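Worksheet for the structure shown next.
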Amino acid sequence: MSSSSYEPQNKVAKWVEDRLPVLGLLHGTVGAGYQAPRNLNYWWNFGSLAGFMLVVQIVTGIILVMHYTPHVDMAFRSVEHIMRDVNYGHILRYIHANGASMFFIVVYIHILRGMYFGSYKAPREVLWFLGLVIYLLMMATGFMGYVLPWGQMSFWGASVITNLFGAFDFYEGMGDSILQLLWGGYSVDNPTLQRFFSLHYLMPFVIVGVVILHIWALHIPGSNNPLGIDAKGPADKIPFHPYYSAKDAFGLAFFILFFAAFVFFMPNILGHPDNYIEANPMVTPPHIVPEWYYLPFYTILKAIPHKLLGVIAMFASILILFVLPWLDGSKVRSAKFRPMTAFFFWLFLVNGIFLGYLGTKLPSDIVFHVGEMGVDALTLGQIGTVFYFAYFVVIVPLVSRTEKTKPVPTSIAEAVLGSKKKG
């Protein structure tokens, strides 16, 4: 028998529910059975938008793979075949290609919202960890997918990024062994493409599994909220459906319009023109750059001259997020009541965007002039990298333990109803 409070309204649904309580599970997960804080705003839409984009990527990917050939002699031509000959193939490919960017946009906002409102703090640490695992899997999936069209940037991006793993040469031959395992040979070639294709097809289903765990972990402590305080009773909560399901649907409609603007009016703006040239191992592009969502980490990699230390710093810039729950020592979750934390958070965000911009530049490029002196991208990247790590290692631990916080409301209902009375 189902342990859910859900009671089906017809005999067929009751028969199914008694034997397989799927309806009760959905009712308690995204229906009226799930009680969410009554003050969630539109920043909380981005979790459901990420789920929507995951479904879009899986569905379009499955259709595209029916026409794709994972072989170095045919991959580029099969993509051209999809674009030119397959009914609506160009739309499907543009949805899938731009969908990766849309997926990263909503996930970045989702992560930053969690950082600002303290969603990583107890008792939601495991929820935070699972979200970061999803992000890492997305990064791996996105990178391997970028290789599949087998254009110039695909080939040379794969060559540059995989060669980074050769830096882990802790004993003689270890780096070469790692590279041969990644490549399936002695260079980026057909076995590499086939490995990446296989993993790119598999990874989204692994992400689905982690997303299920992520949602499960969310339902144990419940959703955080802009105030960062726990819901203390029924007055602090409302059913997810119809209130937040309608709110999510409204946000989804606007997001689809935003997404459609890229697909139909500027489908190549987030890509690189060199990827419309078939891969040629004998011709190196003048500037090899990854997709935009990797650019801040690419800048951190370039900022450190030593190859191994640069690779370690690049990975550390992501992995350091796993220890954020312990770096932040404040008893108050939300930055709404932590003015210094909010100030440095916005500086961190601006710095991250600036690091992304620098990732598009050559290290020797002059970004701006100070008097008669020019400041190059490498120097600015090093300054941005120092601030990035200082934010986590110095600023967050120090500020969170010393700043004076604003008064925090005693309950969600009091804050919401109080604000209405003032209005």
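Since every read-out is calculated from the coordinates, none of them should be taken as a lab result. All of these numbers come straight from a predicted model, not from anything done at the bench. All Cβ positions, glycine included, derive from the backbone under ideal geometry; neighbour counts span all protein chains shown.
The table below lists the values:
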read-out	value
Extreme residue, positive dipole direction of the chain, given options MET102, LEU26, GLY356 (C-beta unit charges)	LEU26
Estimated inter-spin distance, ILE277 and ALA167, nm [label 7 Å along Cα→Cβ]	2.7 nm
Residues ASP376, ASP248 arranged by fewest to most Cβ contacts within 10 Å	ASP376, ASP248
Cα-based shape type of the chain, given that a ≥ b ≥ c are square roots of the gyration tensor eigenvalues and the cut on a/c is 1.5	oblate
Span from the segment 335-413 Cα centroid across to the segment 244-288 one, whole angstrom	27 Å
Eligible aspartates and glutamates near LYS361 by straight Cα distance, threshold 17 Å, same-chain separation 8 or greater	ASP274, GLU291, ASP376
Nearest-0.05 FRET efficiency for ILE58 and ILE215, computed from C-beta distance (R0 22 Å)	0.85
Phi to ³J(HN,Hα) by Karplus 6.51 cos²θ - 1.76 cosθ + 1.60 over segment 287-303, Hz, x for Gly, Pro	8, 8, 10, x, 4, 4, 6, 9, 4, x, 6, 5, 5, 4, 4, 6, 5
Cα gyration tensor category, rounded, prolate or oblate, for segment 25-79 with a/c compared to 1.5	prolate
Residue-wise HN-Hα coupling along segment 19-25, computed from phi with Karplus coefficients 6.51, -1.76, 1.60 (Hz; x: Gly, Pro)	9, 8, x, 5, 4, x, 5
Size of electric dipole in the chain: Cβ of Lys, Arg +1 and of Asp, Glu -1, about Cα centre, debye, nearest 20	1940 debye
Dipole of the chain, positive end: most advanced residue of MET266, GLY233, VAL72 [Cβ charges, Cα centre]	GLY233
Ordering of 307-318, 263-274 by burial proxy (mean other Cβ atoms within 10 Å per residue, highest first)	307-318, 263-274
Cα-derived Rg to Rh of segment 119-256, Kirkwood definition	1.15
Burial ordering of HIS71, HIS369, fewest other beta-carbon atoms within 10 Å first	HIS369, HIS71
Distance (nanometres) between label positions extended 7 Å along Cα→Cβ at PHE265 and LEU319	4.3 nm
Long-range amide H partners of ALA36 with built H, under 5 Å	ILE238, PHE240
Table column - 3J(HN,Hα) (Hz), segment 264-276, Karplus curve with 6.51, -1.76, 1.60, x for Gly and Pro	9, 10, 8, x, 10, 5, 9, x, 10, x, 5, 7, 9
Gain upon complete extension [LYS14, ARG401; 0.36 nm per residue less C-alpha separation]	134.0 nm
Packing-based exposure ordering (other Cβ within 10 Å, fewest first) of PHE368, PHE259, PHE129	PHE368, PHE129, PHE259
Options ASN87, LEU148, VAL59, ranked by Cα towards positive dipole end of the chain, top entry (Cβ charges)	VAL59
Pairwise label distance in nanometres, VAL375 with TYR186, each label 7 Å out on the Cα-Cβ vector	4.7 nm
Long pairs among LYS237/LYS406; LYS247/LYS336; LYS14/LYS247; LYS302/LYS336, criterion Cα-Cα beyond 31 Å	LYS302/LYS336
Test item: Cα-centred dipole of segment 280-423, Lys/Arg +1 and Asp/Glu -1 on Cβ, debye	920 debye
Cα gyration tensor category, rounded, prolate or oblate, for segment 304-354 with a/c compared to 1.5	oblate
